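*Asks:* Here it is, the structure, as structure tokens.
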Amino acid sequence: MEEGIGGLRHLYMTVFLSGFASLMVIPAITDITMLALCPGQDECSLAIYLSGFQQAIIGLGTVVMTPLIGNLSDVYGRKSLLTVPLTLSIIPLVILAYSRETNFFYAYFALRTVTAMVCEGSINCLTLAYVADTVSERERVSAFGILAGFLSASFVCGTLAARFLSTASTFQVAAFTSMLATIYMRVFLKESLPGGDGTLRQPILKGGSDAIEEDGYSPETIQVYKKVPSTGDLICLLRSSKTLSQAAIVSFFQSLAEGGLQASLMYFLKARFHFNKNQFADLMLIVGISGTVSQLLFMPMLAPVLGEEKLLSIGLLVGSFNMFLNSISWAVWVPYAATLFSAFGFLVQPSIRSIVSKQVGPNEQGKAQGCISGISSFANIVSPLIFSPLTALFLSEEAPFYFPGFSIMCIGLAMIIGFVQSTMIRASPISSHKISNIISVDST
């Protein structure tokens with residue numbers, strides 16, 4: 001099914017609409033959380049801990065669900081599996097679109113936690129596998145960069161919309177756009193499967209009756225369970241290639257830093273400089289524009305010249321400098337200035353995904369991308385357990401010494417560890433059937 005980058009236009013639009021819906025609510029959700037838990041306060045340890053708890057639970061769920069969904073998409077198709085997270089992501093947005101009162105916030109919080117276990121990493125995993133099915137290895141890093149660029153563009157547009165919409169209207173527009181993304185994907189996006197013929201090896205919904213064995217189980221049911229990857233399968237996958245193992249380590253530390261930033265930065269800025277919804281939106285808008293320019297312009301130009309490995313190292317090194325600068329913010333303009341360096345941080349994930357995609361054959365793209373997403377999700381479990389208490393401690397009066405940005409500095413150290421590991425990566429693509437021979441689920 002290799003159609004080149006131009007054949008991905010419907011996938012890009014789906015990612016844009018989905019990202020727009022999910023990302024435009026971020027500037028508002030901090031204020032809604034603070035209002036529900038600690039009304040009238042600029043500092044709230046409960047909100048920090050609760051957000052960290054939610055992030056950890058979501059990460060725990062996605063560790064299990066993302067490799068499973070990625071592996072099943074190798075059999076049932078990317079489009080079929082993509083329908084599940086896109087549909088589930090609508091539900092929490094509809095709740096806050098209806099009301100932002102405390103009871104509705106708790107309902108949103110609970111359902112968002114449950115649905116995000118399926119949605120959080122699955123959409124990214126499936127779209128990356130779709131790109132790997134459609135684009136040749138030579139163009140793949142550029143295609144991954146453009147995909148990430150469309151996500152960044154949705155971030156910019158969503159943040160800009162949130163800047164001028166009321167909180168109620170923000171969630172209403174987000175819910176509508178999330179529905180539109182699902183409908184658009186089902187109508188326009190072609191099915192994609194490894195192998196290039198686009199033919200489903202086994203549709204999810206199959207007419208007719210299955211033969212039943214004497215013990216009451218159908219052969220189809222037994223076969224489905226054989227397609228669920230075990231921990232041993234994923235470990236075997238990582239051990240099959242040194243480059244794949246190194247990329248997984250880098251992905252862990254980069255996701256650890258990203259999760260820490262998510263758990264810490266907004267609460268740090270709110271406590272340190274009394275940031276409100278509009279200031280958050282402005283900051284995120286600058287970050288989004290930087291990411292869009294980086295991924296849509298710089299990455300397609302630099303990737304063929306420098307290669308994914310050097311882009312990965314550059315992104316991690318400059319990203320760590322961005323964290324160190326944020327940690328010592330002495331004036332309100334410093335976080336805005338630091339976002340100029342965030343453009344390089346957006347090069348990291350597309351580079352990792354491109355390196356990973358070249359280490360496996362066409363029949364393992366979903367499994368490999370799901371495995372990396374699962375590792376990232378595991379980092380998101382660990383991250384709030386480290387950075388949420390650290391942030392709450394150093395923003396409180398009980399801090400052992402005065403350094404409000406200490407947790408942000410520690411995030412920078414995690415990125416430095418990822419940078420050191422990235423310098424050891426030497427990509428060497430392997431044959432498309434090698435992993436298939438190494439990894440096989442026992443059929444007995």
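*Asks:* Kindly check whether there is at least one residue in the range 113-133 that is open to solvent by 20 Å² or more (accessible area, probe 1.4 Å) and part of a loop (DSSP other than H, G, I, E, B).
*Replies:* no
*Asks:* Among the helices (runs of 4 or more DSSP H) confined wholly to the range 361-444, which include 1 or more residues that are at pLDDT 85 or above?
*Replies:* Where helices (runs of 4 or more DSSP H) fall fully within the range 361-444 and carry at least 1 residues being at pLDDT 85 or above, they are 365-394, 406-422.
*Asks:* For the range 282-296, does any single residue satisfy the condition of being in contact with a helix residue (DSSP H, G or I) (Cβ under 8 Å, 6 or more places away or on another chain), without any contact (Cβ under 8 Å) to a residue 24 or more places away in the chain and crowded, with 17+ Cβ neighbours inside 10 Å?
*Replies:* No - not one qualifying residue is present in the range 282-296.
*Asks:* Does Asp74 qualify as being open to solvent by 20 Å² or more (accessible area, probe 1.4 Å) and in contact (Cβ under 8 Å) with a residue 60 or more places away in the chain?
*Replies:* No; evaluated as a whole, the condition is false for this residue.
*Asks:* Can you pull out the residues in the range 240-283 that are out of contact with any Asp or Glu (no Cβ under 6 Å at 6 or more places or on another chain) and not in a helix (DSSP H, G or I)?
*Replies:* Correct list: Ser240, Ser241, Phe275, Asn276.
Okay, residues lined up against (1) free of Cβ contacts under 8 Å to residues at least 12 places away in the same chain; (2) over 16 Å from Gly291 (Cβ atoms):
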| site | (1), (2) |
| --- | --- |
| Phe321 | no, yes |
| Phe324 | no, yes |
| Trp330 | yes, yes |
| Ala343 | no, no |
| Gln359 | no, yes |
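*Asks:* Which of (1) at pLDDT 85 or above; (2) over 30 Å from Arg78 (Cα atoms); (3) of a type outside the set (A, V, I, L, M) does Gln349 not meet, given it meets every other one?
*Replies:* All conditions are met except number (2).
*Asks:* Have a look at Ala175, Ala162, Ala143 and point out the one that is in a helix (DSSP H, G or I), within 18 Å of Ile352 (Cβ to Cβ) and open to solvent by less than 10 Å² (accessible area, probe 1.4 Å).
*Replies:* Sole residue among the options that is in a helix (DSSP H, G or I), within 18 Å of Ile352 (Cβ to Cβ) and open to solvent by less than 10 Å² (accessible area, probe 1.4 Å): Ala143.
*Asks:* Would a scan of the range 39-59 turn up a residue that is closer than 21 Å to Gln172 by Cβ and not in a helix (DSSP H, G or I)?
*Replies:* Within the range 39-59 (the criterion being closer than 21 Å to Gln172 by Cβ and not in a helix (DSSP H, G or I)), the answer is no, since none of the residues qualifies.
*Asks:* Is there a residue being under 15 Å from the mean Cα position of the chain (by Cα), under 30 Å from Arg272 (Cβ atoms) and open to solvent by 30 Å² or more (accessible area, probe 1.4 Å) anywhere in the range 24-40?
*Replies:* Yes: one or more hits.
*Asks:* Scan the range 69-85 residue by residue and report those that are of a type outside the set (Asp, Glu) and touching a Gly at 6+ places or on another chain (Cβ under 7 Å).
*Replies:* Residues satisfying the conditions are Ile69, Gly70, Asn71, Ser73.
*Asks:* Let me ask something additional. Collect the residues in the range 77-112 that are in contact with a Leu (Cβ under 7 Å, 6 or more places away or on another chain) and either touching a residue at least 40 places away in the same chain (Cβ under 8 Å) or closer than 21 Å to Leu189 by Cβ (or both), keeping them in residue-number order.
*Replies:* Gly77, Arg78, Lys79, Leu81, Leu82
*Asks:* Let me ask another. Filter the range 76-112 down to residues that are in a helix (DSSP H, G or I) and of a type in the set (Lys, Arg) and give me whichever is nearest to Arg353 (Cα to Cα).
*Replies:* Checking each candidate, the answer is Arg78.
*Asks:* When you scan the range 178-188, how many residues do you find that are under 22 Å from the mean Cα position of the chain (by Cα) and open to solvent by 10 Å² or more (accessible area, probe 1.4 Å)?
*Replies:* Of the residues in the range 178-188, 6 are under 22 Å from the mean Cα position of the chain (by Cα) and open to solvent by 10 Å² or more (accessible area, probe 1.4 Å).
*Asks:* Continuing with the same structure: Looking at Gln295, is it closer than 23 Å to Thr30 by Cα and at pLDDT below 80?
*Replies:* It is false that Gln295 is closer than 23 Å to Thr30 by Cα and at pLDDT below 80.
*Asks:* Moving on to the next point. Which pairs turn up if I take residues in the range 114-128 that are polar (S, T, N, Q) and look for partners that are open to solvent by 20 Å² or more (accessible area, probe 1.4 Å) with beta carbon separation below 6 Å, at least 6 apart in sequence or on another chain?
*Replies:* As it stands, the answer is Thr115/Leu88; Thr115/Ile91, since those pairs meet every condition given.
*Asks:* Within 16 Å of Leu261 (Cα to Cα), among the polar types (S, T, N, Q) and buried (at least 19 other Cβ atoms within 10 Å of the Cβ) - does that describe any residue in the range 299-313?
*Replies:* no
The values are calculated or read from the model by the stated rules, or taken from the named source; none is laboratory data. Everything quoted here is computed from the prediction, not taken from an experiment. Every residue, glycine as well, gets a Cβ built from its backbone with ideal geometry; the counts of neighbours run over all protein chains shown. All accessible areas refer to the heavy atoms of the entire protein, side chains included, with ligands and DNA or RNA removed. Shrake-Rupley method; radii C 1.70, N 1.55, O 1.52, S 1.80 Å.
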